[in-house]
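The values are calculated or read from the model by the stated rules, or taken from the named source; none is laboratory data. None of these values were measured; they are calculated from a predicted model. Here the Cβ is made from the backbone with ideal geometry for all residues, glycine too, and neighbour counts use every protein chain on show. Quick note on the areas: whole protein, heavy atoms, side chains included, nothing else; ligands and nucleic acids left out. Shrake-Rupley method; radii C 1.70, N 1.55, O 1.52, S 1.80 Å.
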Amino acid sequence: MLATLVIGDSDWVWPTVAILSVATGLLGWAYWRLGVVGRVRAGCLGLKSTAFLLIASCLFEPLWSGTRAEPGANLFLMLADNSLSLSVADGESNATPRSEALKQVATDKNAAWVTRLEQDFDVRRYLFDARLRSTSDFAELDFRGTSSSLQDTLSTLRDRFRKRPVAGVLLLTDGNATDAIDRELDLEGLPPIYPVVFGSREKISDVAIRRIHVSQTSFEDAPVTVRADVQTVGFENHKIEAKLLDEAGEIVRTALASVEGDGKSMSFRFQFRPAELGLSFYRVEVAPISDVGETVRSEVTLENNSRLVKVDRGGTGHRVLYIAGRPNWEYKFLRRAIADDEHIKLVAQIRIADKEPKFNFLGRVGESANPLFRGMDKKGGEEVESFDEAVIMRLNTKDSDELRKFPKTEDELFQFDAVIIDDIEAAFFSPDQHELLERYVSERGGAVLMLGGQESFRQGKYQRTPIGEMLPVYLDRAPARAATGPFRVSLSRDGWLNPWVRLRKTEQQEQARLEQMPEFRVVNRLASTKPLASTLAVVKDTNGMELPVLVAHRYGKGKCAALLIGDLWRWQLRRSEDMPEDDIGKAWRQMLRWLVVDVKDRLDVSVSERPDIAPSAIVVQARVRDDAFRPRENATVKVEVVTPSGEKIPLEAEQSVKEPGLYETVYVPRSDGAFRATVTVKTDGLKEPLIAGTGWISDPHADEFRSVTPNHALMEHIAGETGGEVIAANRLLQFAESLPTRKVPITETWTYPLWHQTWFFLAAIACLVGEWGLRRVKGLP
């Protein structure tokens, strides 16, 4: 805070000016009479006039005034990081850890800078890791905290001292904040922050897994991809080996890469197919290696060299309903493709005879049942189709009573995860069944795929029906002209980007496969696709016109797709002996997995972190639905948690007020590792309980040691945004002495008369002595 000059008695200003003017004039005339030359005269005149000015100014009482922090009125917060990352030592293994340097600074209450702070401020002390807590002398510092929640800590202090006069925050840390890794800090409304960063700016040696990303696709060869982003410091001219290990410690995949530049990130990708369905855990480990004969330097810590990975491929039991207008090759090859698939169970309704008009009596006298069932004594006349009903063959149903007719109720249809409509006209479905299928997709979140054929799309008169409205193509617009085959399939841009559409790992291999595919002759040509629909595959006719043949889009909570090729079976029939891979089987499997991958079940279980409840707290959420997939309330939901040691902990989930059908329970892990949870739901009217599993990883060390290099850049950003500055540990005394004169909420005014200051009169005397000396040097009287 800058001091200003204040005039105490303004009435004497003009008299003083007049006196000085007369005195200066008389001095000038006197020096002129003595014959003093110009430069000497000016020097003598200036020195003596300045002396007269300093003495005469005492008449109007000049005051030196300013503001400073009022002693004891302002708060000053000292905040110490208590996290594990400070246990790292810079340099050699016998170097002093950062924690010791920080503790020495924080706990020395007799230090001169601490005494100076306490003279002017009300000093409050806090330490933080996963949470914030107060302390009297920082004796509780043990550096065992598993996270550095800097954002949450600053937000808590801002809320706690919102209306209090806080002069600043002294932040003792290494700068690594675990809650500022993937988000920008909210610094609005904070007092000035003065970070003291512990840790050298010099290069350290470390290999750290910074991030793990897991993605799952319907691509059959490698449905799971684990990507590990690794950062290396101090390992130039080295190689990094990465391993993916299963729960038994067996190596699943390995990878090797050279360090391209110090401090740069490198990525390792592991593509693999888990041996079993359901939840499984893997571990990624990285380590530096060197050429033969070279010694690998040691790292500052090994805590960040491994990470646990969760992979959930889901369980079995995805049921797909296939409805066809006639027996055909498509069903044969589709059933063969998923015969050994653990994910998909195909249930079929195939019409083998259409209904007859009621007036067309073709049976024997007294016979009302369809003659196709004649001789089948196991069925009574009331159980077989009559003349005016279509004859439906049911395959792979749960029991003899399931799907005697196409479903008419939500309970019957909503149990399926996807529906495939193959070459059957719109008139087969009643108006209520049309509406039911539309709700099945939009409300239940199911998936519908329509295959091409002579009774599909426009040819099946689906335009202006609820089923036609939810398809990703327009049916009410007639094509401009007919398409003429043969047709050859190629992938669109969206098709190349969707793994479930491709059948090979590389673009070159996929292009070669497309060139070997047979030509097709039946395509349901349509005018256009709907907005936001993705065209995944196209064909070109003999006129060079491009036609969409595989189109998909989201509809309500579900999705719909259209495969407009009517003779896809040619792909299998024309498979040559030199083509060992069953491409059409693989295509069917990937397409069906894509259909069911996002479909909701009656019981959906998820987990989320809730650090606001407790450090490492996990909330297990269960969404329960009834047969019509509406939220189900008043259910009994039990959760059994299995810890890494195998201990089983029973919990009970309570119904949430935030959302109907949502049940929640909180679990706080007491150890690190992989956790599993099984959720069991019982409710009235439910024959068998609903059971689902989930899991999570408690690995707080992963984020804490993600980077062990002191984050000076983040601390400089925080200081700059809040009006503070980064303070070196050896300059804390100078900082404490300057703090009262900085901008603080509560200040007091100080005033000092200049004429009471010793330097003021010494300056006047010095001017007079200087003038006398100058005259003597020049030989003047």
Residues of the range 716-774 satisfying the condition of being within 14 Å of V169 (Cα to Cα) and not in a helix (DSSP H, G or I): G723, G724, E725, V726, I727, R742, K743, V744, P745
Residue within the range 645-663 that is within 30 Å of L132 (Cβ to Cβ), open to solvent by 70 Å² or more (accessible area, probe 1.4 Å), out of contact with any Asp or Glu (no Cβ under 7 Å at 6 or more places or on another chain) and not small (G, A, S) present: yes
Number of the exception - G25 against (1) modelled with pLDDT of 75 or more; (2) open to solvent by 30 Å² or more (accessible area, probe 1.4 Å); (3) of a type outside the set (S, T, Y); (4) touching a helix residue (DSSP H, G or I) at 6+ places or on another chain (Cβ under 6 Å): (4)
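For E435, state whether it is at pLDDT 90 or above, open to solvent by less than 50 Å² (accessible area, probe 1.4 Å) and charged (D, E, K, R).
Answer is no for this residue.
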Here the residues within the range 662-701 that are under 26 Å from the mean Cα position of the chain (by Cα) and outside any strand (DSSP E or B) are V668, P669, R670, S671, D672, D699, P700, H701
Just one of (1) out of contact with any His (no Cβ under 7 Å at 6 or more places or on another chain); (2) farther than 30 Å from W594 by Cβ; (3) in contact (Cβ under 8 Å) with a residue 60 or more places away in the chain; (4) not in a loop (DSSP other than H, G, I, E, B) trips up P288, so point out which. (1)
So, in the range 151-174, exactly how many residues are in contact with a strand residue (DSSP E or B) (Cβ under 9 Å, 6 or more places away or on another chain) and at pLDDT below 90? 1
Answer residue from the range 123-134, given it is open to solvent by less than 20 Å² (accessible area, probe 1.4 Å) and more than 24 Å from P740 (Cβ to Cβ) and is modelled with the lowest pLDDT among those: D129
Need the failing condition index for R307 against (1) closer than 19 Å to R211 by Cα; (2) part of a loop (DSSP other than H, G, I, E, B); (3) open to solvent by 30 Å² or more (accessible area, probe 1.4 Å), just the number. (2)
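If I filter the range 268-276 for residues that are basic (K, R), out of contact with any strand residue (DSSP E or B) (no Cβ under 6 Å at 6 or more places or on another chain) and on the phi < 0 side of the Ramachandran plot, do I get at least one hit?
The initial filter retains those residues of the range 268-276 that are basic (K, R), namely 269, 273.
Next, only the ones that are out of contact with any strand residue (DSSP E or B) (no Cβ under 6 Å at 6 or more places or on another chain) stay: 273.
Next, only the ones that are on the phi < 0 side of the Ramachandran plot stay: 273.
Yes.
Here's the yes/no breakdown for (1) touching a Pro at 6+ places or on another chain (Cβ under 6 Å); (2) in a strand (DSSP E or B); (3) touching a residue at least 12 places away in the same chain (Cβ under 8 Å); (4) under 30 Å from S205 (Cα atoms):
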position	(1), (2), (3), (4)
S57	no, no, yes, no
G66	no, yes, yes, no
M78	no, yes, yes, no
K109	no, no, yes, no
R133	no, yes, no, no
Conditions (1) assigned to a loop (DSSP other than H, G, I, E, B); (2) within 24 Å of D582 (Cα to Cα); number of the one not met by R513: (1)
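What tally of residues in the range 273-310 results from selecting those that are touching a Pro at 6+ places or on another chain (Cβ under 9 Å) and modelled with pLDDT of 90 or more?
Quick first cut of the range 273-310, residues touching a Pro at 6+ places or on another chain (Cβ under 9 Å) only: 273-274, 280, 282, 296-297, 299.
Retained after the next criterion (residues that are modelled with pLDDT of 90 or more): 280, 282.
Result for the range 273-310: 2.
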Of all residues in the range 622-644, count the ones that are out of contact with any Pro (no Cβ under 9 Å at 6 or more places or on another chain) and surrounded by 19 or more Cβ atoms within 10 Å (Cβ to Cβ). 4
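Across the range 233-271, which residue is least open to solvent (accessible area, probe 1.4 Å) among those that are polar (S, T, N, Q) and over 23 Å from the mean Cα position of the chain (by Cα)?
S258
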Give me the pairs: first residue in the range 741-768 and of a type in the set (V, I, T), second residue open to solvent by 90 Å² or more (accessible area, probe 1.4 Å), beta-carbon distance under 7 Å, and six or more apart or on different chains, which are they? T741/R68; T747/R68
